[in-house]
Amino acid sequence: MAEIKYVSHIVKFPKTIVGYFKQACWEIPEIMGASAHGLAGLLMGTIGLYNIIKNDGNNPEYKKLYMIMRPDDPRTKRLKNPVYTKYRK
């Protein structure tokens, strides 16, 4: 019977959560790296959406479409550059 020869060394990891994470990084680094990038993207997207919701949406100073609002509308307080116009009757 032939003797078994090991080509590479055997790496053992502890049976803990950190050990399983290290083993996954050792065995499937592409998937772990892609998962880390995906989680980073979800985190940045969540922070971006939170900032948009906190600032009441996108309110740029210059728009292609103009919106006419009443002076007593609560949204007029949040305008960056309001333009008041008096119309003739």
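The values are calculated or read from the model by the stated rules, or taken from the named source; none is laboratory data. Please read all numbers here as calculations on a predicted model, not as lab measurements. Please note: Cβ atoms are built from the backbone with ideal geometry, for glycine as well, and neighbour counts cover all protein chains shown.
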For the stretch 11-41, name all the residues that are surrounded by 10 or more Cβ atoms within 10 Å (Cβ to Cβ) and among the aliphatic types (A, V, I, L, M).
-> 24, 28, 31, 32, 34, 36, 39, 40
Within the stretch 1-51, restricting to residues that are charged (D, E, K, R) and not in a helix (DSSP H, G or I), the one that is modelled with the highest pLDDT is 15
